[in-house]
Amino acid sequence: MTNSSETIRIGTRASALARWQTDYVGRLLSTQYPTRRIEIQVFSTRGDEVLDQPLPEVGGKGLFTAELEAALRSGAIDLAVHSLKDLPVDDSPGLVVGAVPVRVDPSDVLVSRSRYTLRSLPDGATVGTSSVRRGAQLRYTRPDLKLHDIRGNIDTRLRKALDPNGPYDAVLLAHAGLERLELTEHISEVLDLEIMLPAPGQGALSIQCRDEAEALSLLAPIEHAETRLAVEAERAFLARLGGGCSVPIGALAGIIEAEGGRQIRLNGRVSAPDGSGRVNLTQSAALTGDRGDDLQVAHDLGTLLADLATKEGAATYLCT
């Protein structure tokens, strides 16, 4: 990436959602750099190939990113696009999250062929989810439900949810994926945050690059400052608790206008995997208006909330 006409090579997974996300980032970059060619390279990851086991049993979140990260480090691609919730909280050596574009709705939703809501699901109904976090929160609200693991990309899980002869009365999915693929008509219910707090980073994209000034400068125009601050706090909360996709941690931050000025507010939740209890916390911190300072404020807020959660007994719920 040495001149204005050079190709920008972006790596992506093969699913329809991953391709949409990468094409979206490509459009953002094309708007900023109209003389550059965008080239998309598709990779198959172990997370896409191993579909008969829960993620924690076969390696967790890194299963969706390792191949793309290797291509970045080798120079085969310049950028990689991920759903931020799938990216491990620790930066891979030599790589960074170069930009986080604006986030879409981070909520979780219920999809049911019979249009059930969480309240109207019959006693003992079967709900599909591959997420420990979603399962723990669902068990807290509806301990009578039967949870069955479900893997595959969003198209596969949606097809299973709507199959009239399938085993699932409902399936839990992220609103963001259905929104991006224009499939929101299948949503039976958007779950209230009091019932289902999303995964840290849910609804946001991460553009990963080599830790080089040129790549960071390239991505700076498509960064969304408020989204970056929010996910920085959420991921710091997750990191401090030692979490990945195998622990029942939810977090959601946002920027609010307060009497003394702008603040970042973070909601965090750690749930017992069996739904028998949970720790809920909320804290806010004042923002200064300086990007570097505010990123530190967001990170410190996530760390503080995690420490408070630990004091409240969250460690007893973490299956690390």
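The values are calculated or read from the model by the stated rules, or taken from the named source; none is laboratory data. Here the structure is a predicted model, which is why all the values come from computation and not from measurement. In this analysis, Cβ positions are derived from the backbone assuming ideal geometry, glycine residues included, and neighbour counts consider all displayed protein chains. Ligands, DNA and RNA are excluded from the accessible area calculation, which covers all protein heavy atoms including side chains. Shrake-Rupley method; radii C 1.70, N 1.55, O 1.52, S 1.80 Å.
With label points built 7 Å along Cα→Cβ from the Cα atoms of SER74 and ILE195, find their separation and express it in nm.
That separation, rounded to one decimal, is 4.6 nm.
Counting only Cα, what are the radius of gyration and maximum Cα-Cα distance Dmax of the stretch 60-217, in Å?
Radius of gyration, then largest Cα-Cα span, for the stretch 60-217: 17.6, 57 Å.
Rounded if a/c is under 1.5, else prolate if a/b is larger than b/c, else oblate: which is the stretch 181-253, with a ≥ b ≥ c the root eigenvalues of its Cα gyration tensor?
Taking the square roots of the gyration eigenvalues as a ≥ b ≥ c, the stretch 181-253 is oblate.
Charges at C-beta only: +1 for Lys and Arg, -1 for Asp and Glu. How large is the resulting dipole of the stretch 206-285 about its Cα centre, in Debye rounded to 20?
Rounded to the nearest 20 debye, it is 340 debye.
How much of the DSSP bridge set in the chain is antiparallel, in percent, rounded to the nearest 5?
Restricted to the chain, the bridges split so that about 75 percent are antiparallel.
To the nearest 0.05, what FRET efficiency results for GLU259 and ARG115 with a Förster distance of 41 Å applied to their C-beta separation?
The pair GLU259/ARG115 has a calculated efficiency of 0.40.
From Cα pairs below 8 angstrom and at least 6 apart in sequence, can you work out the relative contact order of the chain, rounded to a whole percent?
It comes to 20 percent, rounded to a whole number.
With θ taken as phi - 60° and the coefficients 6.51, -1.76 and 1.60, list the Karplus ³J(HN,Hα) couplings across the stretch 79-86 in order, rounded to whole Hz; mark glycine and proline as x.
Running phi through 6.51 cos²θ - 1.76 cosθ + 1.60 with θ = phi - 60° gives 9, 9, 10, 10, 5, 4, 5, 8 Hz.
What do you reckon, how do ARG73, ARG119 stack up by accessible area (1.4 Å probe), largest on top?
Sorted descending by solvent-accessible area, the residues read ARG119, ARG73.
Hey, can you rank 83-90, 212-219 by average C-beta count inside 10 Å, highest first?
The densest-packed peptide leads the list: 83-90, 212-219.
Show the residues, 5+ positions off or on another chain, whose built amide H is closer than 5 Å to the amide H of ASP78.
Placed amide hydrogens put ARG9, ILE10, GLY11 under 5 Å from ASP78.
Which value results for Rg/Rh of the stretch 252-305 when Rg is the Cα radius of gyration and Rh the Kirkwood radius based on the inverse mean 1/r?
1.10
Quick one: pull the percentage of alpha-carbon pairs in the chain with a separation above 33 Å.
Percentage above 33 Å: 25.
When the accessible area of the chain is computed with all protein chains present and a 1.4 Å probe, what percentage of it is carbon and sulfur?
That fraction is 47 percent.
Report the extension gain between ARG159 and ALA213 in nm, rounded to one decimal, defined as 0.36 nm multiplied by the number of residues separating them, less their alpha carbon distance.
15.1 nm
Which net charge results for the neighbourhood of TYR140, defined as the other residues with beta-carbon distances under 10 angstrom from its beta-carbon, given Lys and Arg at +1 and Asp and Glu at -1?
Taking every other residue near TYR140 into account, the sum is +3.
Using only the Cα atoms of the stretch 218-320, construct the convex hull and provide its projected area averaged over every direction, in square nanometres to one decimal.
For the Cα atoms of the stretch 218-320, the hull's average projected area reads 7.3 nm².
If I take R0 = 35 Å and measure r between the Cβ atoms of ASP23 and THR310 in this structure, what FRET efficiency does the formula 1/(1 + (r/R0)^6) give, to the nearest 0.05?
0.30
Show me, for the stretch 272-277, the HN-Hα J-couplings you get by feeding each phi into the Karplus relation (A = 6.51, B = -1.76, C = 1.60, θ = phi - 60°), rounded to Hz, glycine and proline as x.
So the J values, rounded to whole Hz, are 5, x, 8, x, 7, x.
What residues qualify as long-range amide H neighbours of LEU145, i.e. H under 5 Å apart, gap of 5 or more or another chain, H built at 1.01 Å from N?
GLY124
For the stretch 79-144, just list the percent of Cα-Cα distances falling in each 10 Å bin from zero outward, please.
Final binned percentages: 14, 37, 24, 18, 7, 0.
In deg cm²/dmol and to the nearest 500, what is the mean residue ellipticity at 222 nm of the chain if only DSSP H runs of at least 4 residues count, each as -39500 (n - 2.57), divided by the residue total?
-9500 deg cm²/dmol
Within a Cβ distance under 14 Å of CYS209, other residues only, what is the Lys/Arg minus Asp/Glu net charge?
-4
Write down the accessible area per residue of the chain in Å², having rolled a 1.4 Å probe over the full set of protein chains.
43
From the P(r) of the stretch 121-201, can you give the percent of Cα pairs sitting at distances over 19 Å?
I get 34 percent for the Cα pairs in the stretch 121-201 exceeding 19 Å.
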